[in-house]
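Have a look at the structure below, then the notes.
The values are calculated or read from the model by the stated rules, or taken from the named source; none is laboratory data. Worth saying up front: this structure is predicted, and the values here are computed from it rather than measured. Cβ: placed from backbone, ideal geometry, glycine included. Neighbour counts: every protein chain shown. When the accessible area is computed, the model is the full protein with side chains, heavy atoms only, and any ligands, DNA or RNA have been set aside. Shrake-Rupley method; radii C 1.70, N 1.55, O 1.52, S 1.80 Å.
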Amino acid sequence: GDWKNAAGIKGFTLANPSISVGVNESSAFDVSIDGTAIVGSENVHVSADLVLLPEAAFIPESLALAGTISHITFDELSRHGDQFSSARHGRGLQHGGFKGAKAELRNVAFAFMTPGAHLPADLEQSLKIAGAGLAVRGSLYVNDKALGTVAGYASDEGLKFEGVLDPFAIGPLS
């Protein structure tokens, strides 16, 4: 089934969720949540891992959020953001979108980790983050033409971004 208003986030639905709880070597509760969120018309696979300390009133010791998405347009991202701003504040954000261009991200992986958190093995390999922080990898397309790929992270151990910019021409820009 679907988990509506997942994790107390109004308007957020997690389809086919799986939740597991275990006790780790330090007697903390390790809670993992996995499922699919829908952003626009695209399914986003999301995972969360939370380590809770029972001796400290279940204050989180670490948190990791990660996911993958095959493709999503900037307009879908904007509409999705609008949905959450409307749900929270009763009105949507104003956005112009990309007029005359279909901009989208493809083959995206993303993660956010606090110190002590770990990513799922497949994302750990593809994101290659050092330390705790944010990581992303993906490709940018405009009007179905690849503009380039990027991978990198910003963490407590440094900053690293690398990518390839493909030759392109959009209007007068080449």
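Got a number for carbon plus sulfur as a percent of the chain's accessible area, 1.4 Å probe?
Percent of accessible area from carbon and sulfur atoms in the chain: 59.
How many angstrom lie between the Cα centre of the stretch 99-118 and the Cα centre of the stretch 15-62?
Each part's Cα centre sits 19 Å from the other's.
Have a look at Thr36, Ala101, Leu65 and report the one farthest towards the positive end of the charge dipole of the chain, computed about the Cα centre with Cβ charges (Lys/Arg +1, Asp/Glu -1).
The Cα lying farthest towards the positive end belongs to Ala101.
For every other residue with a beta carbon closer than 15 angstrom to the beta carbon of Ala130, add +1 if it is Lys or Arg and -1 if Asp or Glu, then tell me the sum.
Numbers: positive: Lys128, Arg137, Lys160; negative: Glu124, Asp156, Glu157, Glu162.
Local net charge: -1.
Can you give me the accessible area per residue for the chain, using a 1.4 Å probe, in Å²?
So the chain comes to 61 Å² accessible per residue, rounded to a whole number.
Counting pairs of alpha carbon atoms under 8 Å apart in space and at least six apart in sequence, what relative contact order in percent does the chain give? It would help to have the intermediate numbers written out before the result.
Numbers: 382 pairs, mean separation 23.2, N = 174.
Relative contact order here is 13 percent.
For a test of the definition: using alpha carbon positions, the gyration tensor, and the 1.5 limit on a/c, classify the chain as rounded, prolate or oblate. Write down the numbers at each step before the final one.
Working: a/c = 2.38, a/b = 1.46, b/c = 1.63.
Taking the square roots of the gyration eigenvalues as a ≥ b ≥ c, the chain is oblate.
Taking the alpha-carbon distance from Lys10 and a cut-off under 19 Å, which aspartates and glutamates remain once sequence neighbours fewer than 8 residues away in the same chain are dropped?
Partners found: Asp2, Asp34, Glu76, Asp82.
Counting Lys and Arg as +1 and Asp and Glu as -1, what is the net charge of the other residues whose Cβ lies under 13 Å from the Cβ of Thr68?
-2
With the chain treated as a Gaussian network of Cα nodes joined by springs under 10 Å, which of Gly138, Gly67, Gly22 yields the largest mean-square fluctuation?
Gly22
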